[in-house]
1. Just subtract the alpha-carbon distance of ASP14 and ASP87 from 0.36 nm times their residue separation and send over the number in nm, one decimal.
2. Using the Cβ atoms and a cut-off under 10 Å, what net charge is assigned to the surroundings of VAL110, where Lys and Arg are +1 and Asp and Glu are -1?
3. Once the piece of chain linking ARG22 and ALA119 is laid out straight, how much longer is it, given 0.36 nm per residue of separation minus the C-alpha distance between them?
4. Under a plain spin-label model, where a point goes 7 Å from the Cα along Cα-to-Cβ, how far apart in nm are ASP30 and ASP4?
5. Could you list, bin by bin from short to long, the percent of Cα-Cα pairs of the range 73-120 in 5 Å steps?
6. Can you give the FRET efficiency to the nearest 0.05 for ALA76 and ARG134, using r as the Cβ-Cβ distance and R₀ = 30 Å?
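Laboratory data are not the source of any read-out in this text; all were calculated from the coordinates shown. Since this is a predicted model, take the numbers as computed values, not measurements. Heads up, the Cβs are rebuilt from the backbone with ideal geometry, glycines too, and the neighbour counts pull from every protein chain shown.
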Amino acid sequence: MAEDEVSEVLPSWDYADAFECRWPSGGAEDAMTVARALLGPSRSGKRVLAARDVLVAPWGLQPGHQGDALLFPIQAAGPDRVVCGLDDRHLDFRVIVTLSGGVACCTTVVRRHGTLGAAYFAVVRPFHRRLVPRLMRRQHHPHATGTEES
């Protein structure tokens, strides 16, 4: 995803990564289908976010799981792109799922706020970088590749 498109979704971002894989047309008709496969409120996803919520409660951070169709609230949705995410006192983030020409892409964009945001993301980032490609591979698309910018 181009830098100006990322900035349109989350101005003044300071971290972005993107992972993509081939997505057979029979497996998805639009970006929301891909988003549900990657970010649907699964039991394991809810457990991870529930554990996160317990750990960050002393700092007054919002609960991680706030969406209905997806784990996070949907900000915008169209046939080729779904944007979800949250704004909080420690950081704001967006997850952008696109589907174009049989290629699914999951881009995460983060804007950290101060020391708390930097510390939080330093802990979360290694898990995030492993989790997103794993979610894409789990959907039986073993050739997930990624890029990162901070």
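1. 24.9 nm
2. Here the charged neighbours net out to +1.
3. 31.5 nm is the gain from fully extending ARG22 to ALA119.
4. 2.7
5. Histogram of Cα-Cα distances, whole percents per bin: 6, 21, 24, 18, 13, 9, 6, 3, 0.
6. That pair, ALA76 with ARG134, gives E of 0.70.
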